[in-house]
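J.: Please see the structure below; I have some questions.
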Amino acid sequence: MIPFFSVVISVYNKAHFVAQTLDSILSQDFTDFEVLIVDDGSTDNSLEILRSFKDERITILPTKNQGVSAARNFGMLKARANYVALSDGDDIWLPNHLSELESLIESFPDCGIYATSYVKKFFNSYTTSPKFKNVEPPFFGIVADYFNTSIIDNILWTSAVVIPKSIINQGYMFDKELGCGEDIDLWVSIGKNFDIAFSAKVTAHKMIHAKDNHLSLTKNIPDLIKMMDKHKGDESINNSLKHYLDQNRYAAALEAKILGDYTNYKLLKKDIDFENLNSKLKFLLMLPKSVLIGLKKLKFILLKKRLYNSPYR
């Protein structure tokens, strides 16, 4: 019998976290699902931990290491259900996660992607809420403008979305040529062409464990530029998309300066319409590298003291 959901979990060296993640998935109120775990060539004991779970809904798919995009795509193509729920190997679902997504699907059956709200949990102790535009609780429906809604924080996050298998079969998958930014690329591709259904009810925790996890963007700035250039042609006819991508260009430019990559810093800065940046972002972009490094260290110290701040807000 075909389940309602296929849950695809990508795992690479998540031995310290994956049991908690899998426990949260198996504890869902809505139980009509299969679990496909793609182990992307882990070198720790992640596979041993995964194999200790005895649940007939679980299928483990060990692969050689090819990266997170290939692992997710492999699992999505193996999925038997009409709806594919994604999770990384270190995030947590609340018991209502799949039931809330099932309600969204039943209420709005023709969307390209479904998502629920989430909280960010730093260092397994300090929790903050993302800030979205125009979808405050108790919002439950089709988002009027995905790109505008996601200017501050993105309403789409990999461990809190469901993609219909029909959309995947049309070729909407993670770009394996991108070493980073592959999730943003897919959300943009779907957001340009399909409706997005969203519930403002929190059903998942985005677990942020380490100093550099989500506090620095990436060292792979060229891949981020490649990702944004893929959608450049649509910016002239979609002001919200332009605004959204300029926020991403800003983040990449700031990281490039911190890394001393002034070539890509200038390249990214050249493509930004500064009308799309608030005064705090403009000010930060003009600061020297040494000051930006100091501010990043300060941000980490403040997080340890349970103080979260963002220049986007």
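Read-outs: derived from the displayed coordinates by stated rules, not from any lab. Being a predicted model, the structure only gives us computed values, none of them experimental. Glycine gets a Cβ as well: all are built from the backbone with ideal geometry, and neighbour counts include every protein chain shown.
J.: How much net charge surrounds PHE30 when only the other residues with a Cβ under 10 Å from the Cβ of PHE30 are counted, with Lys and Arg +1 and Asp and Glu -1?
T.: Overall, the nearby charge balance is -4.
J.: Give me TYR114, TYR126 sorted ascending by neighbouring Cβ count inside 10 Å, so fewest comes first.
T.: Listed from fewest to most nearby Cβ atoms, that is TYR126, TYR114.
J.: For region 89-167 and region 22-47, what is the separation of their Cα centres, given in Å?
T.: 20
J.: Listing HIS16, HIS205 from the residue with the fewest other Cβ atoms within 10 Å to the one with the most, what is the order?
T.: HIS16, HIS205
J.: Give, rounded to the nearest 20 debye, the magnitude of the charge dipole that the chain has about its Cα centre when Lys and Arg contribute +1 at Cβ and Asp and Glu contribute -1 at Cβ.
T.: Charge dipole, the chain, about its Cα centre: 1520 debye, nearest 20.
J.: Then there's this: Using each residue's phi in region 129-137, evaluate 6.51 cos²θ - 1.76 cosθ + 1.60 at θ = phi - 60° and report the 3J(HN,Hα) Karplus result to the nearest Hz, with x for Gly and Pro.
T.: Values, residue by residue: 9, x, 10, 10, 9, 6, 9, 5, x Hz.
J.: Taking a threshold of 27 Å on the Cα-Cα distance, which of the pairs LYS201/LYS282; LYS121/LYS297; LYS192/LYS304; LYS14/LYS269; LYS269/LYS297 fall above it?
T.: LYS201/LYS282; LYS192/LYS304; LYS14/LYS269
J.: Considering the dipole of region 114-172 built from charges on the beta carbon (Lys and Arg +1, Asp and Glu -1) around the Cα centre, which of ILE151, VAL135, ASN169 is farthest to its positive end?
T.: ASN169
J.: Sequence gap at least 6, Cα distance under 8 Å: using those rules, report the relative contact order of region 172-313 to the nearest whole percent.
T.: Relative contact order here is 19 percent.
J.: A follow-up question, please. Rounded, prolate or oblate: pick one for region 218-284, where a ≥ b ≥ c are the square roots of the eigenvalues of its C-alpha gyration tensor, a/c under 1.5 means rounded, and failing that, prolate if a/b is larger than b/c, else oblate.
T.: In terms of gyration-tensor shape, oblate.
J.: Among 38-47, 88-97, how do they line up by average Cβ neighbours within 10 Å per residue, starting with the highest?
T.: Top to bottom by mean Cβ count within 10 Å: 88-97, 38-47.
J.: Also, quick follow-up: Per residue of the chain, what 222 nm ellipticity follows from adding -39500 (n - 2.57) for every DSSP H run with n ≥ 4, rounded to the nearest 500?
T.: -11500 deg cm²/dmol
J.: Going by amide H atoms built from the backbone, whose H comes under 5 Å of the H on VAL35, apart from near neighbours?
T.: VAL7, ILE58, THR59
J.: So, one more: How would you rank 293-300, 24-31, highest first, on the average number of other Cβ atoms within 10 Å across their residues?
T.: Ranked from most to least packed, the peptides come out as 24-31, 293-300.
J.: Moving on to the next point. In terms of the Cα gyration tensor, with a ≥ b ≥ c the square roots of its eigenvalues, is region 63-217 rounded because a/c is under 1.5, prolate because a/b exceeds b/c, or oblate?
T.: Rounded.
J.: Still on this structure, I have one more. If a/c stays under 1.5 just call it rounded; otherwise compare a/b with b/c (prolate if a/b is bigger, oblate if not). Do that for region 77-151, with a ≥ b ≥ c from the square roots of the Cα gyration tensor eigenvalues.
T.: Note, shape of region 77-151 comes out oblate.
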